[in-house]
1. Using every alpha carbon pair in the range 20-147, what percent of pairs falls into each 5 Å bin from 0 up to the bin containing the largest distance?
2. Counting residues in the range 70-131 as N, plug N into 2.2 N^0.38 Å and put the Cα Rg over that result.
Amino acid sequence: MAEDASNETDGTAAARNGSAKPRTAARSSAARSGSASRRSARSADASEEAMKKQIAELKRQVSRLNRALSEQADEAADAAQGWYRSAADRASDWYGGASDRASRATQQLRSQAQTVSETVRQNPGTISTAVALGGLFGVLIGLALAKSAEPDPDWLRRWSRWN
């Protein structure tokens, strides 16, 4: 009752000032603002829930993408490893073949060098004569080439003009 009396005195004081609102209007305004704040709280909760659902869905999609990328990376690594093994096998085969050929060539050169060495030991005069004759033929061939490449001497041309 004391509350009603204070409200009445407030209402009469407000009525005297000219700014009085009926009591029902004040109550309905308060009720509207309370229901509006409840609605806004509900809509905020609903928005928050929707956002949480979207975030959870995005996390699932990101994890799916990560798994797919991981699988593709594994496949690419396997393919690269296969290419590397294939190239390494081919290089190894090539190197092995080249090594075998080089080894055979070395053995053949060694045996030929031993044969020549034995021949030189058995016939020292024949070898020295062959080397000397080879040198002499080389010198003669060199002189012949030098003469054919050389132009006629200048004095020869002058003499042929006067005759």
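Since every read-out is calculated from the coordinates, none of them should be taken as a lab result. In this text the structure is predicted, and so the values were computed from the model without any measurement.
1. All Cα pairs considered, the percentages come to 2, 7, 5, 6, 5, 5, 5, 5, 5, 4, 4, 4, 4, 4, 3, 3, 3, 3, 3, 3, 3, 2, 2, 2, 2, 2, 2, 2, 1, 0.
2. Normalised Cα radius of gyration, the range 70-131: 2.41.
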